[in-house]
Amino acid sequence: MNIYVGGDVSKGYADFCLMGAEGEILLEIQLDDTRQGHSRMSELIRECNREVGDEEELEIALEATGGLEQNWLHLFRRLDETDEANLEVYRFNPLVIRRFTEQKLHSNKTDEISAQALADYLRLGLAEEKVAYTDEGPDDGLKTLARKTQRMVNQSVDLQNELQALLQRAHPELVQYVRDHLSQWTLRLIKQYPTPSEVVEAGPEALSEIPYVTEEKARSIVEAAQTSVASQTDQDTALTLSLTAEDLLRLEGGTHRLKERLWNRVRDRRAPRLLASIEGIGKWSAAVLYCEIGDITQFSSAKKLIAYAGLDPQREESGDIAREKTISKQGSSHIRSVLYGCVTAAIRNGSNPPVRNLYDRLKKRGKHQKVAEVACMRKLLAIVYGCWNNSERFDPTHEKRLKARQAEKKSTGEASSEQAEGQSFDMSAPVSRKEAKKRRKATSPEKSVSSSARGQGTFLEEHHNGESASEQA
């Protein structure tokens, strides 16, 4: 007989439902996330495995609950690897099961109902199109380290913003030195001499003892402090500035060590090296993307990876009405956070032609900066997919050569013949003026585009360089 196991994991325990092929509930049980609970679950799995025939299935599904499910997944993986049971294990986004229960008109939400829904989802064969859980790719420790580093980077950014805002009132003469970058010498100076009066009292000689502060620069800082226009120079503000600078020095030192460790742990693997070859993506960003994406084979297309990152544009269509909405933001915020930094670097340096060209086109069309940046994030993630999935280093001329091939096909009439073989529209149908215009445009030979090329340019044709979804922010 087929047996399906659904597990709703909570902190410290999990509710499991064992369901038969006809939807009958074989067992409902709550087990603690302890050695005793895992032993009991192992016994149940072995018993179920004896009931399942060679051509039948024993499937298990858990919801992704921010890491709480990891201990149970580790148990099931160990049982499968030691041949104690032949299991197919799935880990689902909670949103998938929520939508499934809504379709069945369930208004109540309990742990028991969620476990039943997971088992029923498997029983109905809805998981067949999903990729089973796999431990391929980076281990969980690397992902934990990457996320800790990201949190420290975000804390550092927050403190930098706080420091710059406070300097405007407490020591505005130093703002020119921290406008583009907070260097070590400025942080050391602010830590030791946070207010203009303390700078004047210390004098040029004391300031020049700080590494990278020349005597000339020290005299200039002291002279500016003597005529400071600071409005907030009390001792409480001075202490706040000093502690903020001290925290930044500590955070930057720790972040640098963690970044180096993370890259050293993954640099011998092919995927991170491929990602680091993409202009705009540094070593640390490549390592984080590798840890967050995991096994690239779980994504059959660039579209699915983009949806996993929550960058998929939301669009509603009904008849002649089409409405653009924001991106879904249903996926990994960690991937979006890293991509944003990569995109801003690629745009600023102009080193990634596909991304920079898309940004320039959208800005020229009057799009808001954030709208253009989000479209570029999708573009960059599509390039990540193409390079990683095809084991190719980044080629900045790939898109240019792809467009040239498309233009050649159009000139030889290949694109027209492909269009002729596709869907045909009846222009005599009583459709609206807007729909008629769309049909005329679709059947126009000069508008057709071939979509035979794959690889780094996969997303180019499907989404027209990211412009089709450029309205989302």
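The values are calculated or read from the model by the stated rules, or taken from the named source; none is laboratory data. This is a predicted model, so every value here is computed, not measured. Neighbour counts run over all protein chains shown; Cβ positions are idealised from the backbone, glycine included. For accessibility, only protein heavy atoms count, side chains too; no ligands or nucleic acids. Shrake-Rupley method; radii C 1.70, N 1.55, O 1.52, S 1.80 Å.
Some observations on this one:
- Kirkwood hydrodynamic radius over Cα pairs of the chain, then Stokes diffusion coefficient at 37 °C and 0.692 mPa s, in µm²/s: 122 µm²/s
- Sorted from longest to shortest, the spans of the Cα atoms of the stretch 163-257 along the three principal axes equal 39, 28, 22 Å.
- With an a/c value of 1.5 or above and a/b larger than b/c for the gyration tensor axes a ≥ b ≥ c computed over the alpha-carbon atoms, the stretch 203-272 is described as prolate.
- In terms of packing, defined here as the mean over residues of other Cβ atoms within 10 angstrom, the peptides 200-210, 49-59 line up highest first as 200-210, 49-59.
- Degrees, to the nearest 10: 111-123 long Cα axis against longest axis of the chain: 60 degrees
- Counting heavy atoms of the protein chains alone, Tyr340 has an accessible area of about 80 Å² for a 1.4 Å probe.
- The packing ranking, built from the mean of other Cβ atoms within 10 Å per residue, places the peptides 232-243, 67-78, 372-383 in the order 372-383, 67-78, 232-243, highest first.
- Orientation-averaged projected area, Cα convex hull of the stretch 209-249 (nm²): 3.8 nm²
- Note on Arg269 and Arg98: their simple-model spin labels are 3.0 nm apart, each label 7 Å out from Cα toward Cβ.
- Once the Cα atoms are used to define both axes, helix 140-170 deviates from the longest principal axis of the chain by about 40 degrees.
- Spread over its residues, the convex hull of the C-alpha atoms of the stretch 1-98 is 96 Å³ per residue.
- Cα centroid of the stretch 372-392 to Cα centroid of the stretch 201-278, whole Å: 33 Å
- Rounded to whole Hz, the Karplus (6.51, -1.76, 1.60) HN-Hα couplings of the stretch 42-50, x for glycine and proline: 4, 4, 5, 5, 5, 5, 5, 5, 6
- Residues whose placed amide H lies under 5 Å from that of Tyr13, excluding near-sequence neighbours: Asp33
- For Ser332, the amide hydrogen comes within under 5 Å of the amide hydrogens of Ala309, Gly310, counting only partners 5 or more places away or on other chains and with H modelled in the peptide plane.
- Per residue, the convex hull volume that the Cα atoms of the stretch 75-216 enclose (Å³): 234 Å³
- Remark: spin-label model distance Lys434-Glu47 equals 5.9 nm, labels positioned 7 Å along the Cα→Cβ axis.
- With the simple spin-label model, which puts each label point 7 Å out from Cα in the Cβ direction, the Arg169 to Leu124 separation comes to 5.7 nm.
- The stretch 222-235 - phi-based ³J(HN,Hα) in whole Hz, Karplus 6.51/-1.76/1.60, Gly and Pro as x: 5, 4, 5, 5, 5, 10, 5, 10, 4, 10, 9, 10, 6, 5
- If you sort the three axes of the alpha carbon gyration tensor as a ≥ b ≥ c, you get a/c of 1.5 or more for the stretch 51-106 and a/b no higher than b/c, which makes it oblate.
- Once backbone amide H atoms are built at 1.01 Å from N, Glu63 has Gly7, Val9, Phe92 as its partners under 5 Å, excluding neighbours fewer than 5 places away on the same chain.
- Heavy-atom accessible surface of the stretch 284-407, averaged per residue, reaches 45 Å², computed with a 1.4 Å probe.
- Estimated [θ] at 222 nm from DSSP helical runs (n ≥ 4, -39500 (n - 2.57)) normalised by residues in the chain, nearest 500: -18000 deg cm²/dmol
- Subset of Lys303/Lys437; Lys104/Lys437; Lys367/Lys441; Lys143/Lys191; Lys364/Lys441; Lys143/Lys329 violating a 31 Å alpha-carbon distance limit: Lys104/Lys437; Lys143/Lys191
- For the chain, the longest principal axis of the C-alpha atoms and the axis of helix 398-412 are separated by about 50°.
- Remark on the stretch 277-407: ratio of C-alpha radius of gyration to 2.2 N^0.38 Å is 1.07.
- Using θ = phi - 60° in the Karplus curve 6.51 cos²θ - 1.76 cosθ + 1.60, the 3J(HN,Hα) couplings for the stretch 372-383 round to 5, 5, 5, 4, 5, 5, 4, 4, 5, 5, 5, 5 Hz; x is entered for Gly and Pro.
- Cα-based shape type of the stretch 160-199, given that a ≥ b ≥ c are square roots of the gyration tensor eigenvalues and the cut on a/c is 1.5: oblate
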